Amino acid sequence: MAVLYDGSTLVNTNSVRLSFNGSNVTSQTAITTTAAGVTRVDYAYPMLASGSTNRVTLLFNDNDVPPNLISTAGSFVAAG
């Protein structure tokens, strides 16, 4: 799960892209936005091998003109 907060610009929810271990999984995400400007991106990853290292990358644009591309990435090791 990722939580994005609007600031002086807003998250363009139509631009959200998520990849898991190099595969685009955007179509498998649930993206919700509240009136308070909070966008939540949920993805239920598959069963992971114990001790495996996994990488997640999140990209999205804001509504600035021109739009800014924001990206973040991280990795984790599956528990055994």
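The values are calculated or read from the model by the stated rules, or taken from the named source; none is laboratory data. Nothing here was measured: the structure is a model prediction, and the numbers come from that model. Don't worry about glycine lacking a Cβ; one is built from the backbone with ideal geometry, like all the others, and counts go over all protein chains shown. Each accessible area value is taken on the protein alone, full model and side chains, heavy atoms only, with ligands, DNA and RNA left out. Shrake-Rupley method; radii C 1.70, N 1.55, O 1.52, S 1.80 Å.
Pairs under 9 Å by beta carbon, first residue of a type in the set (F, W, Y) in region 25-51, partner surrounded by fewer than 10 Cβ atoms within 10 Å (Cβ to Cβ) and outside any strand (DSSP E or B), six or more apart or different chains?
Taking only residues 6 or more apart or on different chains, the pairs are Y43/M1.
Does region 28-51 hold any residues that are over 12 Å from the mean Cα position of the chain (by Cα) and of a type in the set (S, T, Y), and which are they?
T33, T34, Y45, S50
Quick one: which of V65, V41 is touching a Leu at 6+ places or on another chain (Cβ under 9 Å) and either of a type outside the set (D, E, K, R) or at negative phi (or both)?
V41
Would you confirm, using the coordinates I've provided, whether S23 is open to solvent by less than 70 Å² (accessible area, probe 1.4 Å) and touching a strand residue (DSSP E or B) at 6+ places or on another chain (Cβ under 9 Å)?
no
Among the residues of region 52-75, count how many are more than 27 Å from L10 (Cβ to Cβ) and over 15 Å from the mean Cα position of the chain (by Cα).
Here the count works out to 2.
The rows are residues; the columns are (1) hydroxyl-bearing (S, T, Y); (2) open to solvent by less than 50 Å² (accessible area, probe 1.4 Å).
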position: V41; (1), (2): no, yes
position: L48; (1), (2): no, yes
position: T72; (1), (2): yes, no
position: G80; (1), (2): no, no
